[in-house]
1. Which one of these is surrounded by 23 or more Cβ atoms within 10 Å (Cβ to Cβ) and farther than 30 Å from residue 419 by Cα: 179, 231?
2. Can you name the residue in segment 70-94 that is closer than 18 Å to residue 29 by Cβ and touching a residue at least 24 places away in the same chain (Cβ under 8 Å) and, of all such residues, is surrounded by the most Cβ atoms within 10 Å (Cβ to Cβ)?
3. Among the numbered criteria (1) within 20 Å of residue 344 (Cα to Cα); (2) surrounded by 15 or more Cβ atoms within 10 Å (Cβ to Cβ), which single criterion is violated by residue 167?
4. Considering only residues that are modelled with pLDDT of 90 or more and surrounded by fewer than 19 Cβ atoms within 10 Å (Cβ to Cβ), look in segment 383-396 and name the one that is farthest from the chain's Cα centre (by Cα).
5. Just to check your reading of the model, which residue among 323, 352 is farther than 27 Å from residue 256 by Cβ and either polar (S, T, N, Q) or at pLDDT below 90 (or both)?
6. Determine, yes or no, whether residue 277 is part of a helix (DSSP H, G or I), in contact with a helix residue (DSSP H, G or I) (Cβ under 6 Å, 6 or more places away or on another chain), in contact (Cβ under 8 Å) with a residue 60 or more places away in the chain and surrounded by 15 or more Cβ atoms within 10 Å (Cβ to Cβ).
7. For the condition of a type in the set (Val, Ile, Thr), in contact with a Leu (Cβ under 7 Å, 6 or more places away or on another chain) and at pLDDT 90 or above, what is the one hit in 96, 147, 88?
8. List the number of the failed condition for residue 239; all other conditions in (1) open to solvent by 70 Å² or more (accessible area, probe 1.4 Å); (2) in contact with a strand residue (DSSP E or B) (Cβ under 9 Å, 6 or more places away or on another chain) hold.
Amino acid sequence: MGHAAKPIRHNRTLTVDFHDEATYFGLLAHTNAFVEFVLAFLLALGFQLLHKASCSEGGCLTRHSHYARVRLGGLTIWRIQCTTCKAVFTVLPHFVLRYHKMRPEVARDALLATHGGLSLAWCAVIGNISPMALSRVICALGQQSLVSVLTQGGLSLPVYLLADEKHSPCLTERVYLPTIVRGRVLWPLGYSASKSAVAFTESSGVFQRAALPHEPSYQVRGALTDGFDSTTKSMRTLFPRARLGLCLRHALNKLPDKLSGVSASVRQGLRSTFHALLHRCRQRTSLRGVALGQRLRRFVDHLTATVGEEHGERVRNWLQEKKAGWYAVLADPQMPARSTVLDQAHNAIDRKLFAMKGFHHPGGSQAALLTGLAHLYNLIPYQRRALHAGTCGVEVEGGRLPTSAWMLNLQILTSGGYQCTPEPPHH
């Protein structure tokens, strides 16, 4: 006899800010006041509860049960229930981390040091915890989808995006991290042991599958890549109607490689000419693709006259291969033209992975660890000397966060029991 597939068990944990511990312990003795406080907190955030699919959310909440966290000295944790769909929500106070004994203040200092690039060992010393405990906290944060957290943070699904892959060492093997970025926010950060198009499609497909429940008609209009074959094929498979462009900065960096044997000063001069060509085409308001084609032909003629027929033919073939991707960038003014912010994100993640010894464990939870690091990248504010000092990536992109404390935002948005309230229709 065949076995029926087990239904997905939703994590309906609610992290609630009770302001201080005395308020929480005082409310435990008053059922109605406790439930009313939780409802008021939900209304203040603008969130909805993660009810069952069959629920019309017309019921009310009632006390369901409670249990004691032995590792936290017998702390009482309440559960509340929807009277309509019978969904149960665990109410976790803000001064407790789910499944962990350490206090949020300790985790905050250690996670901030981790985000800054220190090794697990040094971060554990700062937080007076074990390196394994810190690694498990990051993996626990990574259990919640990036798409769910970002949409709860008020961000809409990206219509234009940057797609690239990071080549990273893992023990003696090389692994690949397919990534999709929009602005200063990481949407998915995948993990693959293969660089094939099939593996990249499966990794980036997680983002697509997570996005569709939030917006069933979701479509990507444009994606910018650096021309890596597997990344391009995966984007074309996942988003067949999207316009695929090639990064203009990568084109500038690749041109000198096509002129091997030419002096550095000549190569630099030709690169500057090519840069001016692309810049003038982007400044035009109409017929940008036509202007690019004409300027490329003149540039090849100038390059041939400068460095010879052999180099000119090589560059001509390279331009013929890549110009369709540049046309796609110039055809739509909303298309991103450079993948600089994605390169910055990859460099930041690479510095952290180098210090994260748990990532190199062959049986470790690489996907959860990477997602946890991506949450930190999106939600930890930039340093005081940065361009967007005091704000995080979600805020830079126009999102809204529940509180002014990044650690509390991380706890609330990754708890898993909330849904973002849909915006009212605009008339």
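The values are calculated or read from the model by the stated rules, or taken from the named source; none is laboratory data. What you see is a predicted model; the values in this text were computed from it and never measured. Quick reminder, even Gly has a Cβ in these numbers, built from the backbone with ideal geometry, and neighbours come from all protein chains shown. Just the protein is used for accessible areas: all its heavy atoms, side chains included, with ligands, DNA and RNA removed. Shrake-Rupley method; radii C 1.70, N 1.55, O 1.52, S 1.80 Å.
1. Details: 179 fails: farther than 30 Å from residue 419 by Cα.
None of the other options fit; the residue is 231.
2. 91
3. (2)
4. Our first condition is that a residue be modelled with pLDDT of 90 or more; within segment 383-396, this holds for 391-396.
So of that shortlist, the ones also surrounded by fewer than 19 Cβ atoms within 10 Å (Cβ to Cβ) come out as 391, 396.
Working: 391: 16, 396: 14 Å.
In this case the residue turns out to be 391.
5. One residue alone meets the criteria, 352.
6. On the way: part of a helix (DSSP H, G or I): yes; in contact with a helix residue (DSSP H, G or I) (Cβ under 6 Å, 6 or more places away or on another chain): yes; in contact (Cβ under 8 Å) with a residue 60 or more places away in the chain: no; surrounded by 15 or more Cβ atoms within 10 Å (Cβ to Cβ): yes.
Against the criterion (part of a helix (DSSP H, G or I), in contact with a helix residue (DSSP H, G or I) (Cβ under 6 Å, 6 or more places away or on another chain), in contact (Cβ under 8 Å) with a residue 60 or more places away in the chain and surrounded by 15 or more Cβ atoms within 10 Å (Cβ to Cβ)), residue 277 does not qualify.
7. 96
8. (1)
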